[in-house]
Each structure stands twice: as C-alpha cells, then as structure tokens.
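I have placed the structure first, in the form of structure tokens, so that the comments after it can refer back to it.
The values are calculated or read from the model by the stated rules, or taken from the named source; none is laboratory data. Keep in mind the model is a prediction, meaning the values are calculated, not measured. No Cβ is skipped: glycine too gets one built from the backbone with ideal geometry, and neighbour counts run over all protein chains shown. Surface areas here come from the heavy atoms of the whole protein model, side chains and all, with no ligands, DNA or RNA. Shrake-Rupley method; radii C 1.70, N 1.55, O 1.52, S 1.80 Å.
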Amino acid sequence: MGVELVVSKVEDIAHKIETMEIRGARKIAKAAANALKEEASGSEAETSSQLVEDLNEAGRILLDTRPSAVSLSNSVRYVTRDLDSSGDLEDVRDKAISRAKEFVQRANEAKKKIGEIGCRRISDGDTILTHCNSSNALSVIKKAYDEGKDIEVVATEARPRRQGYITIRELSEYGVPVTLIVDSAARHFMKEVDKVVVGADSIAANGAVVNKIGTSQIALAADEARVPLFVAAESYKFHPSTLVGELVQIEERDEEEIVSPEEFPGVNIKNPAFDVTPSEYVDLIITERGIIPPAAAYEILQEAFELGLEGDEFL
Ligand code: RI2
C-alpha cells in the first residue's frame, strides 16, 4: 500500500510534466529529481535491489513524459546511476536522496551563474528579443537589469501554449520594459533588436539547439539582420546520445493545443513542440561553466563522457 502511494506521487508529477502544468526544461528536470527523492524516501522496499528497481521504474515513468528535453533524462541518470543493488538498503536510499538534492541545488546555482556570466554580453541600451519562457534566458535579462543596464525586451507569444505570457508577466513585474508580439512578427521587429537570448531543451554534439518551435525562424531573421543570437543553457542540456549520431526526438503534442479538430474535419493538424536551430545561427552558448561557441558543444559532452557521463562533473 505504502509503495503504491509513493509510485502514485511519481505518477502525479509525471502527469504534471506531461500536461505541462510543470514546464520549462529546467523545472522538469528538478521536478523529476524531486519525484525520485520522494520515491527513495517513501519506498517500502525491503532490500536494496528492490529499491533500485523501484527507482528505475519511477525513472521510466518520468522519462516517458516529454522526449525532447534531455535535462529530464540527465536528471534521472544523475540520481539513479550505479546505485549498488547488492549494498545496504539505507545506503542506497541515502545516496539517491542526496543526489536528488544535489541536482536541484546545482540546477539553481547554474541558473544564477548563467545570469552572471551572460549579463556581461548585454550592453546598456540593448533591446533583447526572447522566445517562449526560459528561466535561464530570463536570468541573463534580469541580471543585466539588476546591474542598472537600460534594457528593453521584445517577447514573442509562443503559440500554441503562449508561454510568452509567463515571460511578459515575470519581466514586467520585475520592472523590465517589455513588448509582446505574435510569433510571426519576429522578423518585422528584428531591425529594432540588438540581441536575441533564448533557452534550450537540448543541445546536440554539433552545437545545434533544440528549443521551442519558432526559434529557428527567429534565428534566420536574426542572422539576416546581423543580430547575434545567444542560447542560455546549463551543461545538463547537452544531449549525450547525439555524440553517437542519434537525433534528438522532436515532441509532437496534441492537435487540440492548436485548434479543435472537429472544426476542420479531414484536415491534418501538426503540433511539433520544438525545432532545431543549426549551429551556424548560434553565436554563443552561455553555460554555468562559461561562454562557449556552439562548436565547443562536442567538448562539453566528451568531457562528460570521459567521466562516464555519470560523474558529478557532468553538472
Ligand atoms: P529553461 C521550454 O520548453 C522552452 O522551450 C524553453 O526555451 C526551454 O524549455 C528552456 O527553459 P517547454 O517546457 O530550462 O515550455 O531555460 O516546452 O527554463
């Protein structure tokens, strides 16, 4: 009974991630770590191997929710990696709990660091365009504002879920002057923009960036107008499988998010949540470890791989 309760807690968090009640690649990763922490502390497993099994099962439930954000699988891997199923039950429990806490703490520190590092690239008088709602992109913008830089933000709506509304509320409450535009107006306004700052759901070994659908069009418009594009992302957004040539799966969401299909019988409706911006359209990636050109994505991943992708250094 107790075990079921804990599993249902994991399922509850997984459901919230899937329905996007919990959203944003960083928040998803933190929620997954917290779900595993709950599972570890509440599990009624009687042996360490049972507990490891429970945690792996919880990890699978969480991983099934959103396929494009590698932060999710990197978070699950961080907590569940090489737990000793033949060791002491309480040692395994403690290890999983402390790793989950560590992941959340490091994710919070990374966002702060990204703000500090990234804001150096923002100049007084800049107009910054951002797309969707990235806690890391906003960390850069808010830090620049905190430092007294006179900045303005142009924020896209981000159809179909309109996460741009979260961005405009957050920034205007913070005091940053912000203008809302529809996604299709991005090119029209690009001539008034000095920098584009966006987040990422995944970054491939070749420096290509998977982010909210529409990012690649914005990148094209920025390139045409010679406006630099910065990506603000933690090192756990780098996708390990891309090192061996795998493509990042693009999540296809329910058509109902766009329009009720009954209104248009016989019409195909597509709703990809993300797109891929090739590295040539990305000027810099701002990570908590420093600023890198997209070509250095490979090195970040390789470094992680040399550590077995499981070393603490991956964060
Ligand atoms: P942080 C979001 O995905 C957006 O694509 C955003 O750019 C990205 O996560 C990164 O956000 P969604 O969950 O991790 O809204 O920087 O589909 O907060």
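Odds and ends about this structure:
- Residues within region 65-89 that are open to solvent by 10 Å² or more (accessible area, probe 1.4 Å), among the small types (Gly, Ala, Ser) and under 19 Å from ALA107 (Cβ atoms), tallied: 1
- Every test in (1) modelled with pLDDT of 95 or more; (2) closer than 24 Å to ILE141 by Cβ is passed by GLU262 save one, and that test is (2).
- All positions within region 195-207 that are open to solvent by less than 10 Å² (accessible area, probe 1.4 Å) and more than 10 Å from the ligand (Cβ to nearest atom): VAL196, VAL197, ILE203, GLY207
- Among the residues of region 222-248, those identified as under 28 Å from ILE258 (Cα atoms) and surrounded by 21 or more Cβ atoms within 10 Å (Cβ to Cβ) are ALA222, LEU229, VAL231, ALA232, ALA233, LYS237, VAL248.
- Selection from region 77-98 of residues that are in contact (Cβ under 8 Å) with a residue 24 or more places away in the chain, part of a helix (DSSP H, G or I) and of a type outside the set (Gly, Ala, Ser): ARG77, TYR78, VAL79, THR80, LEU89, ASP91, VAL92, ARG93, ILE97
- Any pair with Cβ under 9 angstrom, 6 or more apart, that starts in region 107-119 at a residue that is within 23 Å of ASP194 (Cβ to Cβ) and ends at one that is small (Gly, Ala, Ser) and more than 13 Å from the ligand (Cβ to nearest atom): GLY115/ALA144; ILE117/GLY290; GLY118/ALA144; CYS119/ALA144
- Members of region 43-64 found to be open to solvent by 10 Å² or more (accessible area, probe 1.4 Å) and either without any contact (Cβ under 8 Å) to a residue 40 or more places away in the chain or closer than 30 Å to GLN249 by Cα (or both), listed by number: SER49, GLN50, VAL52, GLU53, ASP54, ASN56, GLU57, ARG60, ILE61, LEU63, ASP64
- Test: residue in region 186-198 that is more than 30 Å from LEU72 (Cβ to Cβ), in a helix (DSSP H, G or I) and acidic (Asp, Glu): yes
- Pair list, Cβ under 9 Å, 6 or more apart: region 121-144 residue closer than 24 Å to ARG106 by Cβ, other residue of a type in the set (Asp, Glu) and near the ligand (Cβ under 9 Å from one of its atoms): ASN136/GLU234
- Restricting region 90-134 to residues that are within 16 Å of the ligand (Cβ to nearest atom) and among the acidic types (Asp, Glu) leaves a set whose member that is most open to solvent (accessible area, probe 1.4 Å) is GLU109.
So that you can scan it fast, the table gives a plain yes or no per residue for (1) within 16 Å of the ligand (Cβ to nearest atom); (2) open to solvent by less than 20 Å² (accessible area, probe 1.4 Å); (3) closer than 23 Å to LYS27 by Cβ:
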residue	(1), (2), (3)
ASN136	yes, yes, yes
VAL153	yes, yes, yes
ARG161	yes, no, yes
TYR174	yes, no, yes
VAL178	no, no, yes
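- If the condition is being in a loop (DSSP other than H, G, I, E, B) and either touching a Ser or Thr at 6+ places or on another chain (Cβ under 8 Å) or not assigned by TED's automatic domain parsing to the domain that holds SER86 (or both), then region 48-68 contributes only SER68.
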